[in-house]
Structures are given as structure tokens and as C-alpha cells.
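The values are calculated or read from the model by the stated rules, or taken from the named source; none is laboratory data. A quick note: this is a predicted structure, and the numbers were derived from the prediction, not measured. All Cβ positions, even for glycine, are placed from backbone atoms using ideal geometry, and neighbour counts span all protein chains on display.
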Amino acid sequence: MDTVTQRSAKRLVLRMSYGKDNFAADRRAANKVIAAAPEVILMARENRGFIQRAVRFLAREAGIRQFLDIGSGLPTQGNVHEIAQAEAPDARVVYVDNDPKVLARSRALKTTEAKNTSVITADLREPDVILNHPDTRAQIDFDQPMAILLVAVLHFIDDETDPYGIVAHLRDAMAPGSYLVINHATADPRPDNAGGAREVYKNTKYPATHRTHHQVERFFDGVDLIDPGVVCISEWRPDTETDITPEEVWIIGGVGRKPTVD
């Protein structure tokens, strides 16, 4: 299995539920992870719900009109621009992914033709490339509040690459009053299943790195966490009551706001 397919499979099982717009090769790759940890399908669906609730909160309650979604993965239903623009038609969105298939698929699905929406090919490990990309600069005014989404992507950045430094760099580029949306896989609730999923990718270019609750909270240094803080994503402002447990969905996340200057 090639590295691009492996990366797509990771995003498939951790960012999306199955749908007609996923590649057959990605589904085959994802099956290996599903065999090791069957709950990843539920995790993918809950992950999509977390994104949608967070974006709806940002657009509706926080008044955010600029979104930078890094590690966006293949387009599916209920994308960031669809949720944001349903609340605020003038919302602007830039999708970022290091897989060229994402850009090609976005063009095929007309995502790039959506109003105030761009898709660029870039890598989270090179944040300045993302921040200074002409398409980013055309959509995002960094002097105004914005939101940066790092959803189901930081666990593919190993410690040697300094993920905390990358997040801090992105945070520092945002204006006060901006928001940071992060979620991350953790082995804390289900170490055996998480370890099995991690084993599938240990020899790939981007093996998964599970981090503890405390380690994930560190990504929010310099911002004020929005209630309820860093929790199982199913528990972050759910639309309805849920009985899903952290043992079933071992992804935790939250939303933080960069303080304004007094």
C-alpha cells in the first residue's frame, strides 16, 4: 500500500464516515484499522459531528467569518464551508491538505467553486507555507479574528517534528479574539485497541502518535478553553443527549479563544 493511500485511510477512519466519495483503495486500507479497532467507524462519525458543532458555534455564537482547516481530508457532506456559510453566507474558508488527491477530488466535486472557498496543497509541518500561500492570503485577513482547525491531524505529527511549536506558530499568527479547534486520538481509554490501530501504521511515513489528555491540553497553551474544555468529542456541546463513552470514542478535543489585548 502506498504512503498516500495510507494517509488517506487514516483520515478516512478518523475524520469521516463511509460515503460514496471515498476511494476504494482508501476503504481497503481502512479495513485493516477497523479490524484492529472496530470502533473507529463510530469515531469517524463522531469526529465529523464535532467539526460541525464547533464550526456552527464559531459562526453562530462567536461571530467568526474566516476558517483555515488544516488537514482537511477528502471532501464529504457537511464540510466546513457548508456549515459556516449556512450560518453566515459571507464566511470564508481555506482547506489545506498535503495529499494532492484532496485538491483533485475537491475540484471534481466543485468544492473549489464554492463561494469564498479555496483548497490548497500544503503540509502542516511547514506552517509558513500555509500562512503565506497566495490563496490563504486572498481569503484570510490575519488582522481580524479567525479560526484554525486542526482536527484529527496532530496525531500524525511525531514529537521530533515539534507539534507544539507548530501549533504555537499558528496561534501567534492569529489576531486576538481568534479561535483554535483541535482534537486528537488518545490511547488512555482503550490502550489495546488504540495500540492495534497504531501498529497498522508504525512502518509508514506518518505513524500515529497517541497523546494523553494532559499532552493534548498543552496544545491549547496561550488560549482560553471554551466550556466544557478538552473532553471526549462526543461530549463537546452535543446537540442531543448521548450515551457514547470515551471507551468507544477515544478522540478528545476542544475549542480555545486567543485572548484579546487589554
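Out of curiosity, is Arg107 under 30 Å from Asn132 (Cα atoms), at pLDDT 75 or above and basic (Lys, Arg)?
No.
Can you name every residue in region 58-104 that is modelled with pLDDT of 95 or more, touching a Lys or Arg at 6+ places or on another chain (Cβ under 6 Å) and either under 13 Å from Val153 (Cβ atoms) or among the β-branched types (Val, Ile, Thr) (or both)?
The answer is Ile83, and nothing else.
When you scan region 95-171 for helices (runs of 4 or more DSSP H) that lie fully inside it, which ones turn up with 2 or more residues that are within 17 Å of Val80 (Cα to Cα) and touching a helix residue (DSSP H, G or I) at 6+ places or on another chain (Cβ under 9 Å)?
Counting at least 2 such residues, we get 100-108.
Give me the residue from region 209-252 that is among the small types (Gly, Ala, Ser) and closer than 22 Å to Ala175 by Cα and, out of that set, surrounded by the fewest Cβ atoms within 10 Å (Cβ to Cβ).
Ranking the qualifying residues of region 209-252, first place goes to Gly222.
For residues that are of a type in the set (A, V, I, L, M, F, W, C) and part of a helix (DSSP H, G or I), scanning just region 76-94, find the one that is nearest to Leu58 (Cα to Cα).
The first filter runs over region 76-94 and keeps only residues of a type in the set (A, V, I, L, M, F, W, C), leaving 80, 83-84, 86, 88, 91, 93-94.
Still in the running and part of a helix (DSSP H, G or I): 80, 83-84, 86.
On the way: Val80: 11, Ile83: 10, Ala84: 8, Ala86: 12 Å.
Among those that are of a type in the set (A, V, I, L, M, F, W, C) and part of a helix (DSSP H, G or I), it is Ala84.
Residues of region 77-91 being under 17 Å from the mean Cα position of the chain (by Cα) and either under 15 Å from Thr121 (Cβ atoms) or crowded, with 21+ Cβ neighbours inside 10 Å (or both), which ones?
Asn79, Val80, His81, Ile83, Ala84
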